[in-house]
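Nothing in this text is a laboratory measurement; each read-out follows from the coordinates by a stated rule. Since this is a predicted model, take the numbers as computed values, not measurements. A quick note on method: Cβ atoms are made from the backbone with ideal geometry, for glycine too, and the neighbour counts reach across all protein chains shown.
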Amino acid sequence: FDEVDNYTNRSPYPMIHILREKDVENAVDLMGGDSEKVWKRNVELFQKFEEDFGREGVEMIIEGKKLTEIKELFSNVTTSTGKSEG
């Protein structure tokens, strides 16, 4: 449970996700119709966060404390879809 990809399933606060079916369909369509790519993209993103900011930095990101650095990082992240996030 100590791997950074576990952060993709965490929230600093108790949370209920309300997702509209159409919104989920649109998100999956953006990932080429493969819903597993969404999970893979999130794992890759957190691995990149850990690489760039360390585990302490990841925890700060989860708490919302490093937002300016995240915006810059998004412009440089290439995901499993081969597309840049920025």
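Okay, here's what the table says:
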item	result
For residue 27, net neighbour charge (Lys/Arg +1, Asp/Glu -1) across residues whose Cβ lies under 13 Å away	-2
Spin-label model distance (nm) - residue 52 vs residue 65, 7 Å beyond Cα toward Cβ	1.8
Highest-first arrangement of 13-23, 32-42, where packing means the average Cβ count within 10 Å	32-42, 13-23
Distance in nm between pseudo-label sites at residue 2 and residue 16 (7 Å out along the Cβ direction from Cα)	3.6
